[in-house]
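The values are calculated or read from the model by the stated rules, or taken from the named source; none is laboratory data. Keep in mind it's a predicted model, so treat the numbers as computed, not measured. Note that we place each Cβ from the backbone using ideal geometry, even for glycine, and neighbour counts take in every protein chain shown. Protein only, heavy atoms only, side chains kept; ligands, DNA and RNA dropped before computing areas. Shrake-Rupley method; radii C 1.70, N 1.55, O 1.52, S 1.80 Å.
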Amino acid sequence: MNKNNQPDKDKKVIKLIIIIVSIVALIEAASLPSYNKFQEAAAQIGGGVNSNKLSLSSITQQGSPMLGSTSAPITVLEFGDFQCAKCARFAKETEPQLNQTYIQTGKAILVFKHFPIHGPDSKTAAIASQCANDQGKFWDFHDILFSNQGPENSGWASADNLKKFAGQIPGLDIQKFNSCLDSGKYISLMQNDMALANSLGLQATPSFLIVKTDGTNPEKLEGSQPFPEFKAIIDKKIGGG
């Protein structure tokens, strides 16, 4: 046996072992639930798996509140929570700029989807906002809640207080509103919005999907992003990107 060749053979064996171990590790990782969930979420966001659910025609049927023209080429989906401080910041700082630049000019439509993850009062507020939407008063109610937002689950968004806020909206029939809220009419709508957010892998509020009207080519933004972040994506999509 030539001892001079032994080190080379040992190196080859070591390399082969490393390759085998790496392949086994990849196979095991692919079988983990967290890995699979990540892969599914990535496919849904980037590959248009949920394009039908994200299309404006489908969203219209779901009863989600909208701001703007349904003929707009771009849809901005906001997944929000009325107890979320960053959602309030978006509503006060960035949304007015979006409204002026894109919504009022017919270039984009803003759709609100409920993602009440900050506690039980968040869910009550979500249902209440849909009751206001029944009377075409969602955005009035939306603005009042974010203007009067208190600490999470401190009682500021209790059912009784939500009824008081609704009573401040001119033209709203408070009896119809109260009856709607007490009946839990929109629990299923809220749950469907949450299911959509979870299927897209969203984990924070506010989260946004900016898509074309047919629901294709979605891009995600998370957190209270400044207006230029939205502008860059919307302008690119309007330009065919």
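Taking the 1.4 Å solvent-accessible surface of the stretch 96-171 as the whole, the part contributed by carbon and sulfur is 45%.
Cα centroids of the stretch 196-241 and the stretch 100-176: 22 Å apart. The 3J(HN,Hα) values that the Karplus relation (6.51, -1.76, 1.60; θ = phi - 60°) gives for the stretch 203-219 are, in residue order, 10, 9, 10, x, 10, 10, 10, 10, 9, 6, 4, 7, x, 8, 6, x, 10 Hz. Gly and Pro appear as x.
Accessible surface calculations at 1.4 Å, restricted to protein heavy atoms, place the stretch 87-241 at 43 Å² per residue. Measure off, as a whole percent, the carbon and sulfur share of the 1.4 Å-probe accessible area of the stretch 180-238, all protein chains present. Carbon and sulfur together cover 50 percent of it.
Given LYS53/LYS137; LYS53/LYS176; LYS92/LYS137, which pairs have Cα atoms separated by over 20 Å? Could the numbers behind the result be given before it?
Numbers: LYS53/LYS137 25 Å; LYS53/LYS176 30 Å; LYS92/LYS137 18 Å.
Flagged as over cut-off: LYS53/LYS137; LYS53/LYS176.
Once all protein chains are placed together, THR124 keeps about 40 Å² accessible to a 1.4 angstrom probe. Working from label points 7 Å from Cα in the Cα-to-Cβ sense, the ALA195 to ILE238 distance is 3.6 nm. Rounded to whole numbers, the Karplus 3J(HN,Hα) couplings from phi for the stretch 101-113 are 7, 10, 6, 5, 8, x, 8, 8, 10, 9, 10, 9, 10 Hz, using 6.51 cos²θ - 1.76 cosθ + 1.60 with θ = phi - 60°, and x at Gly and Pro. Between the listed residues GLY171, MET194, ALA128, the Cα displaced farthest toward the positive end of the dipole of the stretch 120-199, a dipole computed from Cβ unit charges relative to the Cα centre, is found at GLY171.
Using the beta-carbon distance between SER154 and ASP214 and R0 = 45 Å, what value does 1/(1 + (r/R0)^6) give for FRET efficiency, to the nearest 0.05? Don't skip to the end; give the middle numbers.
Numbers: r = 42 Å, r/R0 = 0.93.
Here the calculated transfer efficiency is 0.60.
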